[in-house]
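Q: I'd like to ask you about the structure that follows.
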Amino acid sequence: MSRCLSERGIDHVVLERGEVANSWRTERWDSLRLLTPNWQSRLPGYAYEGDDPDGFRTMPETIVFISRYARVIDAPVETHTRVTSLTRADAGYFLATDRGEWRSRSVVLATGACNIARVPACADRVPATIDTLTPMQFRNPDQLAPGGVLVVGASATGIQLAHEIHRSGRRVTLSVGEHIRAPRVYRGKDIQWWMEHSGVHHERYDAVDDIARARGVPSMQLVGSPERMTLDLNALSGTGVKLVGRLAEIRDGRALFSGSLRNQCALSDLKMNRLLDTIDQWAAQSGLDSEVEPPSRLEATHVEDAPPLGLDLASGEIKTILWATGYRPDYSWLHVPVLDRKGHIRHDGGITPSPGLYLMGMQFLRRRKSALIDGAGDDARDLSAHLASYLSHPPQH
Ligand SMILES: Cc1cc2nc3c(=O)[nH]c(=O)nc-3n(C[C@H](O)[C@H](O)[C@H](O)COP(=O)(O)OP(=O)(O)OC[C@H]3O[C@@H](n4cnc5c(N)ncnc54)[C@H](O)[C@@H]3O)c2cc1C
């Protein structure tokens, strides 16, 4: 957004509570690599120029990538400046920060979709003998007490951490709710390549049937690894990770799991195959069939006949619970009346009902790819155009 505002000659400042790329510096685990290939993280006027376009950046590489962009575009960033309150003021907004006050005619909320790790309400009932932590606190398995680990949540974060913790020699139980399965490589190309070129990533928010639902869909089960590994539930259970259903409750020291594991997996397989059908259709229409490998389908997800519906948390088998149950934004500092009753910002493709206030970085904000690094550019182009027009034609008071 800063780059797009500069291109339009709009005077602006970027307030950042930490350093540039703060989330990647402070909120991610050590082994994490981007699950999007190098070629895919494009920002306005900036793209990957190295010799490994299909590789996956480590965290240090991601931090360098974003920090370098800030320098290349000469972004006017005020680091170590935390916004503590945003309110409406005459003809604009008033921002209180821990380094002084700012007034502005327009504000873009780009504080991220993943500020706080979500934890289910039943976390309060975990017996005191068990350690609990979130992915934001997890750095590597050495942090964990010896013994079994229950990982709750099987989307991108949960599957990666279950895999890593299992490889550290601990017994891992993975509680699986709704999830989106995908092969890393399909017909010889990365799944992200297919989603980009077939147009899936470009689908617009105003063209999907149920945008509220689309915005709540969990992340795809993907990992970025040098081996281009597909890390799905079959891969995990094949190495010994125990699969159980969605965590429904913790009562009297027992974790209770839903009986829907088989259905959840069948639904996820069905949705994956629908995505692959879309890709196959597009490949055929685009004349790619002779250039890429033939269509194929993964084996259905294996689920044991009677997965356990309960786990005694007092038995000593589980020493740690890791909540990989998603993230949410933090709007505790936002005092402009734009939140709905669920605490989400009301917006139309990033344009909030409060004139001059914009939102970025949310899932399916304007396009399916909006919450990816690669999605920011197109959204910023659109929203900066709206913002420029707002500044030249402010509403009459
Ligand atoms: C575990 C994980 C893995 C991911 N992997 C990928 C991936 O592989 N590929 C990909 O494309 N995307 C990935 N994403 C999504 C990724 O977070 C987004 O693509 C991208 O970071 C969004 O950028 P952003 O600037 O909107 O948000 P963020 O990167 O979260 O940046 C928000 C910034 O706002 C600052 N901030 C917040 N509140 C305040 C405040 N009150 N005052 C001042 N500053 C504030 C934060 O410090 C932060 O620097 C991942 C997300 C997570 C959580």
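Q: Report the Cα-based extents of the stretch 337-397 along its three principal axes, largest first, to the nearest Å.
A: Over the stretch 337-397, Cα extents along the principal axes are 37, 30, 12 Å.
Q: Regarding the stretch 1-152, what's the average projected area of the Cα-atom convex hull, expressed in nm²?
A: Over every viewing direction, the Cα hull of the stretch 1-152 projects on average to 12.6 nm².
Q: Same structure again: Under a no-solvent Debye model with one identical scatterer per Cα of the stretch 286-394, what's log10 I(q)/I(0) at q = 0.22 Å⁻¹?
A: -1.24
Q: Long-range amide H contacts for Val77: which residues qualify at under 5 Å (H placed 1.01 Å from N, peptide plane, sequence gap of 5 or more or a different chain)?
A: Val14
Q: Whole Å is fine, so just give me how far the alpha carbon centre of the stretch 273-291 lies from that of the stretch 1-45.
A: Taking the Cα centre of each part, the stretch 273-291 and the stretch 1-45 sit 33 Å apart.
Q: Hey, another quick one. Could you tell me which GluC sites (Glu not before Pro) in the stretch 44-143 are loop residues by DSSP with no more than 13 other beta carbons within 10 angstrom of their beta carbon?
A: Passing sites in the stretch 44-143 are Glu49.
Q: If you take all C-alpha pairs in the stretch 114-224, what percent of them are over 23 Å apart?
A: Result: 42 percent of Cα pairs exceed 23 Å.
Q: To continue, here is another question. Residue separation times 0.36 nm, minus the C-alpha to C-alpha distance between Gln143 and His393: what's the value?
A: 84.5 nm
Q: Would you mind calculating the gained length between Glu49 and Glu227 on full extension (0.36 nm times residue separation, minus the Cα-Cα distance), in nm to one decimal?
A: Result for the pair: 62.0 nm of gain on full extension.
Q: Still on this model: If we restrict to alpha carbons, what Rg and Dmax does the chain come to, in Å?
A: 22.3, 67
Q: Apply the Karplus parameterisation 6.51 cos²θ - 1.76 cosθ + 1.60, with θ equal to phi minus 60°, to every residue of the stretch 127-140 and state each ³J(HN,Hα) to the nearest whole Hz, in sequence, with x for glycine and proline.
A: In residue order, the calculated couplings are x, 5, 6, 9, 7, 10, 7, 10, x, 6, 8, 6, 10, 6 Hz.
Q: Which far-off residues, 5 or more places away or on another chain, put their amide H under 5 Å from the one on Thr97, with H placed in the peptide plane?
A: Close amide H contacts, sequence-distant or interchain: Thr84, Trp102.
Q: When the Cα atoms of the stretch 65-131 are enclosed in a convex hull and the volume is divided per residue, what value in Å³ results?
A: Here the figure is 176 Å³ per residue.
Q: Continuing with this model, one more query. In whole percent, how big is the carbon plus sulfur part of the accessible area of the stretch 77-121, probe 1.4 Å, protein atoms only?
A: On the stretch 77-121, the fraction of accessible area on carbon and sulfur atoms equals 50 percent.
Q: Average the reciprocal distances over every distinct pair of alpha-carbons in the stretch 270-347, invert the result, and give the Kirkwood radius in Å.
A: Computed over the stretch 270-347, the radius equals 19.0 Å.
Q: Take the chain, connect every pair of alpha-carbon atoms lying under 10 Å apart with a spring to form a Gaussian network, then pick out the residue of Asp269, Asp54, Asp210 with the largest mean-square fluctuation.
A: Asp210
Q: Taking the Cα atoms of the stretch 18-93, what is the range of coordinates along each of the three principal axes, in descending order and whole Å?
A: The Cα atoms of the stretch 18-93 stretch 51, 29, 18 Å along their principal axes.
Q: Right, here's the next one. For the stretch 202-346, take the alpha-carbon Rg, divide it by the Kirkwood Rh, and send me Rg/Rh.
A: 1.04
Q: Additional query: Once whole DSSP H runs in the chain are found, which of them have Cα atoms spread over 27 Å or more along the helix axis and a mean Kyte-Doolittle score of at least -1.0?
A: Long hydrophobic helices here: 261-285.
The values are calculated or read from the model by the stated rules, or taken from the named source; none is laboratory data. What you see is a predicted model, and the numbers here were worked out from it, not measured in a lab. Every residue, glycine among them, receives a Cβ derived from its backbone with ideal geometry; neighbour counts consider all protein chains shown. Please note that ligands, DNA and RNA were not included when accessible areas were found on the heavy atoms of the full protein model with its side chains. Shrake-Rupley method; radii C 1.70, N 1.55, O 1.52, S 1.80 Å.
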